[in-house]
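So the structure is just underneath, and the comments pick up after that.
The values are calculated or read from the model by the stated rules, or taken from the named source; none is laboratory data. Predicted model only: the values in this text are computed from it and were never measured. Counting neighbours? That spans all protein chains shown, and the Cβs are built from the backbone with ideal geometry, glycine included. Just so you know, the surface numbers come from the protein's heavy atoms only, side chains and all, with ligands and any DNA or RNA stripped out. Shrake-Rupley method; radii C 1.70, N 1.55, O 1.52, S 1.80 Å.
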Amino acid sequence: MDIQNYLVVPLAPLVGAIAAGMFGKVLGRTWSHRIAITMVAVAFFQAVRIFQDVMAGHIFDGTVYTWLVSDGATFQVGFLIDRLSATMMLVVTSVSLMVHIYTIGYMSEDPGYQRFFSYISLFTFSMLMLVMANNFMQLFFGWEAVGLVSYLLIGFWFTRPTAIYANLKAFLVNRVGDFGFLLGIGLVLMVFGSLNYGDVFANVAKHVEDIAPIAGMEVNLITAICILLFIGAMGKSAQFPLHVWLPDSMEGPTPISALIHAATMVTAGIFMVARMSPMFELSETALSFIMVIGSITALFMGFLGIIQNDIKRVVAYSTLSQLGYMTVALGASAYSVAIFHLMTHAFFKALLFLGAGSVIMAMHHDQDIRNMGGLRKYMPITWITSLIGSLALIGTPFFSGFYSKDSIIEAVALSHLPVAGFAYFAVVAGVFVTAFYSFRMYFLVFHGEERFGKAHHHDDHAHAAHAAEDDHHDDAHADDDHDDHAHHGLAPGQKPHETPWVVWLPLVLLAIPSVLIGFIAIEPMLFGGYFKDAIFIAEHHEAMHHLKEEFHGPVAMAVHALTTLPFWLALAGVGLAAFFYLKRPDIPAAIQKKFQWIHTLLENKYYFDRFNDWFFAGGARGASTMLWKFGDRTLIDGLIVNGSANLVGKLAYVVRRLQSGYIYHYAFTMVVGVFILLTIRTWFE
C-alpha cells in the first residue's frame, strides 16, 4: 500500500474533530455527528483494508516526513504497520465507532454536543498516532495527546467542581508517569543516537552489559530504560500506585468511560511494553518489577470493586483489575496473551460501560445500584447484553474473556521469575473477586426487588458523591418546562424503559465479539505465529512454548477448564453474590458491621488519596511556601533586588562624602592615589 492509504486512518478522525469543533455551530448538531461518525467509519474500514494487507504479508516501516534534525539526531513522523499495530488500529476504530453512534442518544440533550464529538474524534486520532508510530518521538506525541484530550473529556462538564478535580487529578498523576517515560526516551536517544524503533532494537543486544549513565547509581542500562518506560505505562495504564486517577475519571460522560477504559488510553501502556519486547526481554529485573506491580493491581483493585455502589465505579475498578492481568502477562513474557486480553477486554468492557450508561439513562441519572433492581423485564436488550459482558469479564468458558484470561493464568503458572508464585496467587484469587463484584452489580441492577421510585436513605454518602451525570441536564433544562432531569432517579410511579436504538444497537454489536472473538482468534494470535514479526520472546522464557504444547483447540480448552480451580472459583463468586444479594441481603450488612474497619479501609481506597493529598499535594504546597518565603521574598527580593539597590545606595553615600568641595580634601586624595600607584609599581619591579 502507498503511504497515503495509511495516512487516511489517523487523519479521517482528525478531520471529523476539526469539523465538529471549529464549525459545529455552523453545521449544527446533526451534521456535526454525521461528519464525525462518517470519518471514524472511514478510518475503521480503511483499518480493515490495512489489516487484510498485513495478513497477506505486507509490512510497512517508513517515514512520512522529517520534522527536525538536531546535532545528528533525526526526529520524524513515521508509521510501523505490522500485525501488532494493525490489530490495535482495528480495536481502536471499531470501539470508537460504537461509542460515536452511542453518543447520539446519550448526549442528545447536552448543550456541549458538538464539542463532545470533536473531543472523542480527536481522542481517536491521538490513539491511532500512538499505535501506528515507528519511533519514540511520535509515540510520545500520541502518548501526551491522549492524556491532554482525556483531561478535556473527564472535565467535560467543567461547571462541576468534582469534574475539575477529577481531570486535574488525572492530568497530574499522568505527569508523574510521563516524567519517567520521558527520562527513558532520553536515555534511549543518549545511548543509541536514534529514536527509530528499528535502529534501537537492532543494537539493543550490544548494550546488555552496560551501566546506565546515571550519576551515583550502578544500574544496568537496559533495566533502567525498561523501568523508566514502564513508569510511564504505570500512569497511563493506571497501575499501582499511579492508579488513583482512573476511578475519579467517572466524572466524565459514560461514552468517555467506555472510550478511555476499553480500547484506548488505558491500554496504551500495555501496547507500549509489547512493542518494546526486544528491550524488556533483556532484563529479568524489569520483567519481575512489571509482574509484581500487575499482581498488586489485579488483586487489590478488585477488592475495591466489592464495596462500590456507583454502577460506573464498579466497572471502573474491574478495568483496573483487568489491566493488572494484562500487566502480569507482560511480566511473564506472554506479550501476545496480554494483547489478546487487551483486544477481548476492549469489547466486553466497552459493552459493560455502555450498558451501564443505558441503565443510567433509564434510571433518570441515578447511578446507585441500591436504588435499582428488577430492570430485566423493563430493559431486555440492556439486560442480555450486560449479562454477556459480565460472563465474558469473569472468564466463563466459550466467552471471549475466558480464552485470554485463562491463558494469562496459565502463562504465569509456567513463568520461572522469582515473583511468579505471588503473581499466580493474585490472578487466581482475582478470579473469585471479579466474579463476586461483577455479579453483585448484575443481580442488584437486573434482578430481585424493584427499589426504584422510592425514598432511599443510605448510611453513606456514596450516592451523593458519585451521582455524576445529572448536573449537566439541570443546566441544559434550566428553562425547560419538563422536570424529568431535575432529580436523581425515577419519580414514584414511574417505570424505566429500554433506551433508543442508537443506544442499544452499539450494545448488540459489541456483544457479538464479546462472545465470539476469543474463540475465533486464540489459535492464530497465540499459537499460529501471528505476532512473530512484531513481538520478540527470548528462548529461555518458555511460557508461550509450553502453552502451545498444551493447547488442543478452543473447544478442548473450554471443556478442560470446567475441571480447573479458576472456573470453580468464578462459579463460587457468582453463587455467593446470588445468595448474598438475592436470598439473604442481611448477611452482607452484618458482615460490613462486624468488619467495619475493613469496609472503612476499602471505602477510603487504602488511603492512597489521603496520602497523596498529604504527601505529594501537601509537600508541593509546603515546598512552594518555602520557595516563596525564602527564595522569592528573602533571596530574590531581599538580597538580589532590594539588596543590590541598598548596596548602590550605601556606595553612593560613601562616594558622596568624598565630594566635599574642599580643595585640601581633593589634594589629600591625589597624594594618596600617587602613593598607591608608586607602591604598586615598586611592588611589581
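Just to verify a number: what accessible area does H58 come out at with the full protein assembly present, 1.4 Å probe, Å² rounded to tens?
Solvent-accessible area, nearest 10 Å²: 100 Å².
Report, to the nearest whole %, how much of the accessible area of segment 226-268 belongs to carbon and sulfur atoms, 1.4 Å probe, protein only.
Roughly 87 percent, rounded to a whole number.
For D210 and I598 in one chain, what is 0.36 nm times their gap in residues minus the Cα-Cα distance, to one decimal in nm?
135.0 nm
How many angstrom separate the Cα center of segment 606-685 from the Cα center of segment 1-74?
A separation of 59 Å, based on Cα centres.
Just how much of D533 is accessible, in Å², when a 1.4 Å probe is used and the result is rounded to the nearest 10?
The value for D533 is about 110 Å².
When the helix-only estimate is applied to the chain (DSSP H runs of n ≥ 4, each -39,500 (n - 2.57), divided by the residue count), what is the mean residue ellipticity at 222 nm, nearest 500 deg cm²/dmol?
Estimated from H runs of four or more residues: -21500 deg cm²/dmol.
What do you get when you divide the Cα radius of gyration of segment 529-626 by 2.2 N^0.38 Å, with N the number of residues?
Its radius of gyration relative to the 2.2 N^0.38 Å reference: 1.92.
Please give the residues of segment 361-385, grouped as numeric ranges, whose backbone N is less than 18 Å from a label point set 7 Å along the Cα-to-Cβ vector of H497.
Only 361-366, 375-383 pass the distance filter.
Tell me, in nm to one decimal, what length is gained between T563 and H546 on full extension, where the rule is 0.36 nm per residue of separation less the Cα-Cα distance?
Answer, rounded to one decimal: 4.2 nm.
Between F531 and residues 5 or more places away or on another chain, which pairs have amide H atoms under 5 Å apart, with H built 1.01 Å from N, and which residues are they?
Amide H neighbours of F531: none.
For the chain, what is the relative contact order in percent, using Cα pairs closer than 8 Å and at least 6 residues apart in sequence?
Relative contact order comes out at 13 percent.
I need the phi-derived Karplus couplings for segment 37-51: 6.51 cos²θ - 1.76 cosθ + 1.60, θ = phi - 60°, integer Hz, Gly and Pro marked x.
Using θ = phi - 60°, the values come out as 5, 4, 5, 5, 5, 4, 4, 5, 5, 5, 4, 4, 4, 5, 4 Hz.
Work out how far the C-alpha atoms of segment 21-143 reach from end to end along every principal axis, then list the three figures in whole Å, largest first.
52, 38, 20
Using the alpha-carbon atoms, what tilt in degrees (0 to 90, nearest 10) does helix 335-362 show relative to the longest principal axis of the chain?
On a 0 to 90 degree scale, this one is about 70.
How big is the chain on each of its three principal axes, counting only the C-alpha atoms and giving the largest first in Å?
The principal-axis extents, from largest down, are 113, 64, 59 Å.
Order H416, H546, H599, most accessible first, counting only protein heavy atoms with a 1.4 angstrom probe.
In descending accessible area the options line up as H416, H546, H599.
Out of residues 5 or more away from E542 or on other chains, whose amide H comes under 5 Å of its own, with H placed 1.01 Å from N in the peptide plane?
none
Once amide H atoms are built 1.01 Å from N in the peptide plane, which residues 5 or more positions from T74, or in another chain, come under 5 Å H to H?
Amide H neighbours of T74: L195.
Averaged across orientations, what area in nm² does the convex hull of the alpha carbons in segment 569-685 project?
With every direction weighted equally, the projected area is 19.2 nm².
Cα to Cα, under 30 Å, and not fewer than 8 places away if on the same chain: which lysines meet these conditions relative to K593?
K312, K454, K583, K605
Carbon and sulfur atoms: what percent of the 1.4 Å accessible area of segment 287-403 do they account for?
75 percent
Using a 1.4 angstrom probe, figure out how much accessible area the chain has per residue, in square angstrom, rounded to the nearest whole.
I get 42 Å² per residue for this part.
How much of the accessible area of segment 25-165, in percent, comes from carbon and sulfur atoms when a 1.4 Å probe is used?
Taking all protein chains in place, segment 25-165 shows 65 percent carbon and sulfur surface.
How would V672, V654 rank on accessible area, largest to smallest, probe 1.4 Å?
Largest accessible area first, the residues go V654, V672.
Of K405, K495, K594, which has the most accessible area with a 1.4 Å probe, and how do the rest follow in descending order?
Ranked from most to least accessible, the order is K594, K495, K405.
For segment 79-93, just list the computed ³J(HN,Hα) in residue order, Karplus coefficients 6.51, -1.76 and 1.60, θ = phi - 60°, integers in Hz, with x standing in for Gly and Pro.
Per-residue couplings from phi come out as 10, 10, 10, 10, 5, 5, 5, 5, 5, 5, 4, 5, 5, 4, 5 Hz.
Once both labels are modelled 7 Å past Cα along the beta-carbon direction, what's the W614-L505 spacing in nm?
Rounded to a tenth, the inter-label distance reads 5.3 nm.
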